[in-house]
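The values are calculated or read from the model by the stated rules, or taken from the named source; none is laboratory data. Remember, it's a predicted structure, so these values are computed and weren't measured experimentally. Methodologically, a virtual Cβ is constructed for each residue, glycine included, from the backbone with ideal geometry; neighbour enumeration extends over all protein chains shown. Surface accessibility is based on the protein's heavy atoms, side chains included, excluding ligands, DNA and RNA. Shrake-Rupley method; radii C 1.70, N 1.55, O 1.52, S 1.80 Å.
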Amino acid sequence: MNFGVREVALGTRANAAPGWAYIPDTGVNASVTALQPSSRKRARNQHVASHQETTAKQDAKILRELAALDRENHRDVSIPVPIRHRDNAGRVSHGKVTPNVRKILQSQKTFANHLSDYEALGSPLTASAPIAQPSAAIPNTPAARGTPGSAAPHLTSKGTRSHKKKDPNAVSTPTPLRKVSSALQITTPAAVKTESSTADVQMIDAPILSQGSGAVPAVHPLDNDPLLISRIPGMPSQAEIDWLLAAPPLTYNEARGSWVEEDQRKPVRQFCEVCGRSVLQDMGHERAMGYGVGVFGMAEALH
Amino acid sequence: MSPTQRRTKSSGPAPPAKTLVLDNGAHTIKAGFSGLGIESPTPSIIPNCLARDRDKKVYIGSSLSACKDFSEIVFRRPVEKGYLVNWEAEKEIWEHEFFDAKAPLHCDPKETGLILTEAPNALPALQTFCDQVVFEEFGFARYLRCLGPQLNAYNDIQSIYTPPSTRPANLTSIPPAEIMMLIDSSYSHTTITPLLLGRPIQSAIRRLDVGGKLLTNYVTRLLSLRQYDMRNDTYLVNEIKEATCYITTDFKEDMEKTWKGPKGDRRAVYETSGGIAKDYVLPDYHSLTKGFVRDHDPDAATKLKEMTKGKPIAASEDVLTLRNERFTVPELLFIFLSYRWVYGQAFLANIIVVGGNANIEGFIPRLQMDMRALAPAECIVRVAKPSDPIVSTWQGGASLARDEDRLAALSVTKEDYDEHGSAWVARKFGGR
């Protein structure tokens, strides 16, 4: 877009004075493309990667409104803990405050802070869980899959240092336990073994098919009638049950239900966010019929 | 209490005589003592918040019941998204409820065990904080941190579906239910936990970030858009929601009834909406401290009507009329709660719904209907809620506290903590 203007040789002296000069137009100009977003016209007929029929602007709006719906109070408020309580017997009655507790009590982190901390840490707990490794059934644990390399152990040990200074064995990876060989360290895993195994044994010993208050029903002559016979699915084996129960917890984000194919299809019915009425997708006038533009304008102004 | 006394008390094998069962929800704490010596354990429901009313008076926990004027009240809640995050505020509330000299549920933590619930899929850092505060700050003699849903397995599940004709006189303790699917629809989120022998199948727990708070905020939004600006009165909107919302079994039909119709063709059915329209009389916090619901009366004089018509205000009552707000908002739960997780048949036959949202009218029939439609034809689908779904988790905990052997096997004592540290405790509770 140089309009055919040819570059004027300015000589070797660099002109420091403010003003302008013709320069060669080489390639894409960032300022121009910013004004004309690439998407609009060129992307009209091309397949968009996102399955959702929303634009970035709509996505941002949805996220904003979800955040608004998640708020505790409409306005930002801070309610400090009443001071008279803090100084009074409350604290004293429990004796000295340990450094851990002081740190915890003074922390003003929100859940979002903790969550991003955890994500930055590379979720060491799932990564280190040995049970998760061979299973294909445990869904999407990218961290677990990435483990065998050296990155994850490095991260965990780093996390131990930065977060739990007091406890050398803070993170429950099996590796540090094996490496470190102080007396305490040796007794600890043994204790864990016995503790957890007793708990397991106790649970397993419970008869699997007994029912708390259930009495066996009286025998009926038609019990073996093929029409009436009830089919009970086979019990899973003890090993399967153990395996299910031993699986480590998912992380916060993994526990969120993921999109399935149905979600990614175009929704069958859409609901108007203002009146809750179902909106037929291809009939734009439906939207305008129930209520005028004014209501939408008001909605925009309010939120 | 002197240190020597403490040592003699807890070093012996004698377990603490009573256990504080603490279901630490985001909205309310369900707390009470249980143990073998306690005849009929009953929970107290304590608001888990610091609240400040328009006169800048701050209420802590249960003292909120002294508040007379809830307009423009604001809250600070230590539990965020179901997880205990802010210990500064939580400690203040716990002190007020359990440890102060004139606390309603006063106890000495050194002689008391603790069963504390947490939401599934918690962050390890928050769990560690929790363990540290429980032992290092309060010094409970014995401590069990477990998933809230898990405790429900210690209730007598089968009696929820078919209430027994004769209840056993003294129910000391029952073994945990073998298999059940627990849906906990609470203030911050809805979680689905399959439980086997009283233990959660961790890899199958799913969470939906829709809970009572989101529903309340959505009602607030709709009311603010249509009638009064209620955005600073979420406490009141929550009461409106609890009083009026229901879950429909025929969404389309109900929407049709509440449709005003296009301009120039207003529908006659709209005014009462076939019984769906309800009036909520707002409290003025002078003569009326709590609002109430009644059937919609189109001729009643209300302040809002007179205001919109420009008449001088003579009506005594401020009324909000709710129509499709009543069922569209809780419908959110069911739009998202698409039951796509394939579980075993036994899980389908033992679905229990707990948490505050389970009290929304029509929740159970609707869930039963939807699950029935999705489940294979030969499966039995049973959905039920306990008689009081809010304290059900607590009752399970109370039942567990009476089973000394089981509780001892699951818990951690103060000595264990002092000897092995918090990482060991985390591993023990994590089942690793």
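Charge tally around B:ALA301: other residues with Cβ under 14 Å, Lys/Arg +1 each, Asp/Glu -1 each, net -2. Across peptide B:75-87, the mean count of Cβ atoms from other chains lying within 10 Å of each residue's own Cβ comes to 4. When the C-alpha to C-alpha distance is required to be over 31 Å, the pairs from B:LYS18/B:LYS241; A:LYS57/B:LYS81; B:LYS56/B:LYS303 that qualify are B:LYS18/B:LYS241.
Inside 10 Å of the C-beta atoms of A:61-67, what's the mean count of C-beta atoms belonging to other chains?
That works out to 1 on average.
Comparing B:HIS96, B:HIS189, B:HIS106 in a Gaussian network model of chain B, where Cα atoms under 10 Å apart are tied by springs, the biggest mean-square fluctuation is seen for B:HIS106. Mean per-residue shielding of peptide B:125-132 is 5, counting Cβ atoms of other chains within 10 Å of each Cβ.
With the simple spin-label model, which puts each label point 7 Å out from Cα in the Cβ direction, the B:LEU374 to B:ASP229 separation comes to 4.1 nm.
Once C-alpha pairs closer than 8 Å and six or more residues apart are averaged by separation and normalised to the residue number of the range B:219-342, the relative contact order reads 27 percent. Structural descriptor for chain B: relative contact order 18 percent, calculated from alpha carbon pairs under 8 angstrom and at least 6 residues apart. Highest GNM mean-square fluctuation among B:SER287, B:SER188, B:SER63, for chain B modelled with Cα contacts below 10 Å: B:SER287. Legend: distances between Cα atoms for A:LYS61/B:LYS213; B:LYS213/B:LYS252; B:LYS30/B:LYS252; B:LYS30/B:LYS385; B:LYS57/B:LYS278; B:LYS68/B:LYS91; pairs beyond 27 Å are B:LYS30/B:LYS252; B:LYS57/B:LYS278. At R0 = 56 Å, how high is the FRET efficiency between B:LYS68 and A:ILE229 if r is their beta carbon distance? Nearest 0.05 is fine. Given R0 = 56 Å and the Cβ-Cβ separation, E is 0.30. Per residue, the range B:1-158 exposes 35 Å² of accessible surface when a 1.4 Å probe is rolled over the protein heavy atoms with every protein chain present. Chain A packed on chain B takes about 8700 Å² of accessible surface away from a 1.4 Å probe, both sides summed.
Structural descriptor for the range B:188-255: relative contact order 22 percent, calculated from alpha carbon pairs under 8 angstrom and at least 6 residues apart. Most mobile of B:ASN121, B:ASN357, B:ASN155 per a Gaussian network model of chain B (Cα springs, under 10 Å)? So, out of B:ASN121, B:ASN357, B:ASN155, the one fluctuating most is B:ASN121.
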